[in-house]
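Engineer: Provided herewith is a single structure, encoded as structure tokens, for subsequent inquiry.
The values are calculated or read from the model by the stated rules, or taken from the named source; none is laboratory data. Just so we're clear, the structure is a prediction, and the values are computed from it rather than from any experiment. Positions of Cβ are generated from backbone atoms using ideal geometry, with glycine treated the same way; all protein chains shown enter the neighbour counts. Heads up: the accessible areas ignore ligands, DNA and RNA and are worked out on the full protein's heavy atoms, side chains in. Shrake-Rupley method; radii C 1.70, N 1.55, O 1.52, S 1.80 Å.
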Amino acid sequence: MRGGFRVYDTHTHIGTARHSGRTFSAVQMLHAMDQQGVDRSMLIPFPVVEDYRAAHDEIARAVRDHPDRFAGAACLYPFLPEAEFRAEIRRCAQDLGFRALKLQPQYQALNPVSSRSDFLFATALEYRLPVIAHTGAGVPFALPSLFIAPARRFPALPIILGHAGGSVYYLETIVAATVCPNIYIEVSSLMPHHILEILAHVDSSRLLAGSDLPESLDAEFSKILSLDINPQSKRNILWDTAQRVFEP
């Protein structure tokens, strides 16, 4: 707990990243979580990995060893042969018990407006995996507004806008969430005043918190706790929304 609130970090990564060279283990994640008062974390592969199955297996081992602290998310290149993509998502959901599917448009140039992307959202819906979509850096396909289209095509599928589009595009997340009740906003990378502006239009029950990188843990959760909002709104952002979306 942190400041009297349970904390669910909905945006973390372990493994080895080919694009940055960063390596971070489950043991290191647990240590960081314990230092910062984080109760539970969603583990996601880095956007570019050597072997997506191995990356998923590493996360599965962490979830198996610490089921009370970790949940797992799948992430793989969407332009694999569709049968291969679907088979791996099935494995992650049914065999590994993962709770989400991550889309990384800055490295995976899938156009969410196009019906060509339907297979990804349909597969996520079939296996009851909310989609966490990176938004912000990586435009045009990382624009938050583009996810209005799949949210309307798949109204039963929760879609989480990771990073809330960043400080440049965060206003688009307000529009997207206003017109699509199945869109949620994860606010890592925003300044506190950006979050307050979102909360003026979108209920806290549709906001989530995340760190993305361990160096940001303290800053990301301190900014939520420091907001001049009521305790239930903080509780929603830090824990309740994530529990409802990922672990119904």
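Engineer: Defining a contact as two alpha carbons under 8 Å apart and six or more residues distant in sequence, what relative contact order in percent does the stretch 99-248 show?
Structural biologist: Once normalised by length, the contact order is 18 percent.
Engineer: From the Cα gyration tensor of the stretch 1-94, with a ≥ b ≥ c the square roots of its eigenvalues, which class applies: rounded if a/c is under 1.5, or else prolate if a/b is larger than b/c, or else oblate?
Structural biologist: Prolate shape, in that a/c is at least 1.5 and a/b is the bigger ratio.
Engineer: Less than 11 Å from a label point 7 Å out along the Cα-to-Cβ axis of Glu247: which backbone N atoms in the stretch 29-51 qualify, by residue?
Structural biologist: Answer for this model: 39-42.
Engineer: Given a 1.4 Å probe and every protein chain left where it sits, what share in percent of the accessible area of the stretch 1-118 is carbon and sulfur?
Structural biologist: 47 percent
Engineer: Then there is this: Between Ala122 and Ser205, what is the FRET efficiency for a Förster distance of 30 Å, r being their Cβ-Cβ separation, to the nearest 0.05?
Structural biologist: For R0 = 30 Å, the calculated efficiency reads 0.70.
Engineer: Give me the distance between the Cα centres of the stretch 156-187 and the stretch 4-41, rounded to whole Å.
Structural biologist: So the separation of the two Cα centres works out to 23 Å.
Engineer: Take peptides 94-106, 22-34 and line them up by average Cβ neighbours within 10 Å, highest first, as a rough protection proxy. List each step's numbers first, then the result.
Structural biologist: Details: 94-106: 20.6, 22-34: 15.7.
With the highest mean Cβ count within 10 Å placed first, the list reads 94-106, 22-34.
Engineer: With the crude spin-label approximation of a point 7 Å out along Cα→Cβ, what separation in nm comes out for Val168 versus Asp68?
Structural biologist: Each label point lies 7 Å from its Cα, and together they span 4.4 nm.
Engineer: Between Ser222 and Glu84, take the C-beta separation as r, use R0 = 41 Å, and let me know the FRET efficiency to the nearest 0.05.
Structural biologist: 0.45
Engineer: FRET efficiency for Ala109 and Ser20, Cβ-Cβ distance as r, R0 = 22 Å, nearest 0.05?
Structural biologist: That gives a FRET efficiency of 0.75.
Engineer: Shifting gears a bit: Counting only heavy atoms of the protein chains, get the accessible area per residue of the chain (1.4 Å probe) and round it to a whole Å² value.
Structural biologist: 40 Å²
Engineer: Separate question: If you put +1 on each Lys and Arg Cβ and -1 on each Asp and Glu Cβ, how big is the dipole of the stretch 120-248 around its Cα centre, in Debye rounded to 20?
Structural biologist: Dipole magnitude for the stretch 120-248 comes out near 400 debye.
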